[in-house]
Structures are given as C-alpha cells and as structure tokens.
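Report on the following structure.
The values are calculated or read from the model by the stated rules, or taken from the named source; none is laboratory data. For clarity, every value in this text was computed on a predicted model and none was experimentally measured. No Cβ is skipped: glycine too gets one built from the backbone with ideal geometry, and neighbour counts run over all protein chains shown.
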Amino acid sequence: MRAVVLVGGFGTRLRPLTRSRPKPLLPVVHRPMLERCISGLVSAGVDEVILALGFRPDTFERAFPDGRIDGVRLRYAVEPEPLDTAGAVRFAASQAGVNERLLVLNGDVLTDLDVGRLIELHERSAGRATIHLTEVDDPSRFGVVPIDDTNRVEAFVEKPPAETAPSRWINAGTYVFEPEVVSAIPAGRPVSMEREVFPQLVEDGHLYALQDDSYWIDAGTPQAYLEASLDLIDGTRDEEPAVHDTATVHHDATVRRSVISRDATVSAGASVLDSVVLDGAQVGPGATISGSIIGPRGRIGAAASLTHLCVTGDDAQIAEGAAHAGERLPEP
Ligand code: GTP
C-alpha cells in the first residue's frame, strides 16, 4: 500500500523554530517528527510514502539522503504553489501515478493508531473514504465528526463553539481513500479537505469513521510540541532516554522531565525543567529553563531565565541574567 504524507505547510504556529526547517523535520526526542509518523505505517503494509512538499523541499532530501525511513521508500512531490490539504493529495497522487486505494496522513500528527484497524473498517463498511477520529476535551478548535451506529459520518462541523458541539470526536488526520475520491478532487488549485472534500462525501453518504482513542497529538503548536516530546520520556506514551548520548549535563545541574538533544550542554548550577533543549544548544551556568523550548544552537547566558513556554529560534543568543516569560525569541 502507498501513503501520501502532508508535509508542505509553513508551520507558522511553531515559529521561530520553523523559520528554516519544516515542522515535520523538528526532532521529537532525538528523531524527526516525520520518522515517528512513518514508522507506525510499516506494520500496516505501507511500503512507499509520497511526501507532499511545499515549504523547503530541499530540507527533506537532505534529511533522508538514502530515500528511506524504516525501510519505507520515499518519493517527493513538490507543489508549484501551496494547494492546501486536499489539493496536495491530488497533486502528489498524480505525480506518483497512484490509481489504487491510498492512505493519507498529516505529517504533524503523532499517534499510536493501528492503521490496520482503520483499513479493516474501511473494507467492512465499503465506503469510499474512512477517517480516524480521536476524542478531545475541547473540540472547538477542530472539525467535529458525529457518526451513526454503522460508523457512517453524519456531518462535518468545523470548529463549533464548545457548548454546541455535537460530539467530542474530532478528525484526527489519518484517512483511507478509494481512488475515485482522489480523482474527484479538482486539480491545479487549492482545495481544503475539511471544507470541500469531506462535506461533499458526507452529503453523498460515502464517508465512514473509526473512533479510536489510542495516543494522539497534533504537534503543531509550541504547547503541543512540548507535550508530544515530554509524553515520550515520562511514561505517558513511552519511556525513551531523555538525554542524548552526545549531550553533556554537568553533575551539578538539575534536569527534570526534559529532553536534552544531540550535542547540547547544560552547565553547572543550571536547571532545566519540563523543557526541550534542541541540538547543540548551550544552557549557561545557573540559568533556568522551565516549560520552554530552546532551539538548535541557542546560547543561553549565565543566570538567564526562560519560563512559561518561551520558544527560542535557531542560534538565538540570550544575554546573561536576562529574564523572559512566554516569549518567542526572536518574535516571528
Ligand atoms: P500552521 O501554519 O501553523 O497552521 O501549520 P501548517 O499549515 O504547516 O499545518 P496544518 O496543521 O495547518 O496542516 C496540516 C498538515 O498539512 C501539515 O502536516 C502541513 O504540513 C500540511 N499542509 C498544510 N497545507 C499544505 C499545502 O498547501 N500543501 C501541502 N503539501 N501540505 C500542506
């Protein structure tokens, strides 16, 4: 089976981290988000992934020079202009000559969904498209999807106010499409999956959905990116080594529930709490990093303090003794 993974967005909500690097290439505990997204597909029989690219396609080819992730072959489809979520699927499928059933994924979703279950329901219901739904506390930022007792989707309600939401099950960003769904997407212009393709499929009675509450997170905001990283080290989802082998943490520093990435350094007397320190960043003596993300190669001066979801960009320099809370440095 082949899959299209959508990775062409600008990732504006994660700036400045995504200024020079697309969101799916940001590491989540020492591995690019995209690798974590694709490695879960191997057991479902996916052997080729077509990356739907827009922003900085060059960075993907450089990140995966042998054109493979966990044995899955990569192909690249570079859009001449952003075609939005459905337009990008149409474009990528045509470029790769896909005429068969297709799996589609958002490249910024991390989930333990068993894709085999989604395909099983798709076959059982004989619909044209089947999508994964996950349950959230506050559905008002998402597309809410009520279903009937045959799993047929009854409506697609974009961003309903919390009190009027028909359910708390939302579109989770993994889809199985029959070829006629892809060929019905208009070619050559931006088309939205949520606003055009799904509402039409619902109207025609062809859209089905699997409610599945396996681990799921859309890592598209600083808060969610931090959560996705910490969930992998604190046992919420898994328990992976939080401090990379090549990182240096002084014996007199405190590191609690935090990721210290490749070649990063935490100096004497510094504290890093509930945070992510990315590749090659240096946390100076006595500095405090709390609930924040330090971008690659940042230099955090001695006794500086970054708290309450600060996000620093690549090579950011924070002066000795500076105090920042909830800021993007530099402002995007
Ligand atoms: P923000 O700018 O922060 O909203 O992020 P985004 O647009 O990069 O991501 P969003 O969560 O809105 O989109 C979901 C997925 O679709 C992400 O994996 C994006 O990379 C991808 N995506 C969004 N728009 C496009 C597009 O026009 N073309 C392609 N190929 N992918 C897209």
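If we keep just the residues of the stretch 147-167 that are in contact with a Ser or Thr (Cβ under 8 Å, 6 or more places away or on another chain) and modelled with pLDDT under 95, which is nearest to E180 (Cα to Cα)?
For the stretch 147-167, the residue satisfying everything is K159.
Given the conditions (1) within 19 Å of R21 (Cα to Cα); (2) more than 15 Å from the ligand (Cβ to nearest atom); (3) not hydrophobic (A, V, I, L, M, F, W, C), which single one is not true for E100?
If we test E100 against (1) within 19 Å of R21 (Cα to Cα); (2) more than 15 Å from the ligand (Cβ to nearest atom); (3) not hydrophobic (A, V, I, L, M, F, W, C), just (1) comes out false.
Write out, first by first residue and then by second, each pair whose Cβ atoms fall under 6 Å of each other, whose residues are 6+ apart or on separate chains, and whose first residue, in the stretch 89-100, is in contact (Cβ under 8 Å) with a residue 40 or more places away in the chain and more than 13 Å from L51 (Cα to Cα) while the second is β-branched (V, I, T) and more than 11 Å from the ligand (Cβ to nearest atom).
Close Cβ pairs (under 6 Å, with a partner that is β-branched (V, I, T) and more than 11 Å from the ligand (Cβ to nearest atom)) do not exist here.
If you check every pair at least six apart or on different chains, which have Cβ atoms under 6 Å apart with a residue in the stretch 232-245 that is more than 12 Å from V276 (Cβ to Cβ) first and a residue that is of a type in the set (K, R) second?
From the stretch 232-245, the pairs are D234/R257.
Could you grab me the full set of residues in the stretch 304-323 that are more than 25 Å from the chain's Cα centre (by Cα), surrounded by fewer than 17 Cβ atoms within 10 Å (Cβ to Cβ) and closer than 14 Å to T288 by Cβ?
Across the stretch 304-323, the qualifying residues are E320, G321, A322, A323.
Over 25 Å from T12 (Cα atoms) and either within 13 Å of the ligand (Cβ to nearest atom) or part of a strand (DSSP E or B) (or both), is that true of L110?
In short, no.
Which count do you get for residues in the stretch 66-97 that are at positive phi, outside any loop (DSSP other than H, G, I, E, B) and more than 11 Å from the ligand (Cβ to nearest atom)?
The initial filter retains those residues of the stretch 66-97 that are at positive phi, namely 67, 70-71, 84, 97.
Okay, now just the ones that are also outside any loop (DSSP other than H, G, I, E, B), so 84.
Still in the running and more than 11 Å from the ligand (Cβ to nearest atom): none.
Residues in the stretch 66-97 being at positive phi, outside any loop (DSSP other than H, G, I, E, B) and more than 11 Å from the ligand (Cβ to nearest atom): 0 in total.
Please work out which one of (1) more than 16 Å from the ligand (Cβ to nearest atom); (2) surrounded by fewer than 17 Cβ atoms within 10 Å (Cβ to Cβ); (3) under 21 Å from the mean Cα position of the chain (by Cα) is the condition E163 fails and give its number.
It is condition (3) that E163 fails.
Find the residue count for the stretch 16-33, including only residues that are more than 8 Å from the ligand (Cβ to nearest atom), at pLDDT 95 or above and touching a Lys or Arg at 6+ places or on another chain (Cβ under 9 Å).
Of the residues in that region, 8 qualify.
Considering only residues that are surrounded by fewer than 24 Cβ atoms within 10 Å (Cβ to Cβ) and not in a strand (DSSP E or B), look in the stretch 1-10 and name the one that is farthest from the ligand (Cβ to nearest atom).
Restricting to residues being surrounded by fewer than 24 Cβ atoms within 10 Å (Cβ to Cβ) and not in a strand (DSSP E or B), the top hit is M1.
Kindly indicate whether V181 is surrounded by fewer than 20 Cβ atoms within 10 Å (Cβ to Cβ), hydrophobic (A, V, I, L, M, F, W, C) and part of a helix (DSSP H, G or I).
no
Please determine whether any residue of the stretch 195-202 is closer than 24 Å to E79 by Cα, among the acidic types (D, E) and crowded, with 18+ Cβ neighbours inside 10 Å.
no
Filter the stretch 33-84 for residues that are in contact with a strand residue (DSSP E or B) (Cβ under 8 Å, 6 or more places away or on another chain) and of a type in the set (V, I, T); which is surrounded by the most Cβ atoms within 10 Å (Cβ to Cβ)?
V49
I need the full set of residues from the stretch 220-247 which are polar (S, T, N, Q) and either closer than 15 Å to H30 by Cβ or within 16 Å of the ligand (Cβ to nearest atom) (or both), in order please. Spell out the reasoning first.
In the first step, residues of the stretch 220-247 are kept if they are polar (S, T, N, Q); the result is 221, 223, 229, 236, 246.
Of everything in the stretch 220-247, those that are polar (S, T, N, Q) and either closer than 15 Å to H30 by Cβ or within 16 Å of the ligand (Cβ to nearest atom) (or both) turn out to be T221, Q223, S229, T246.
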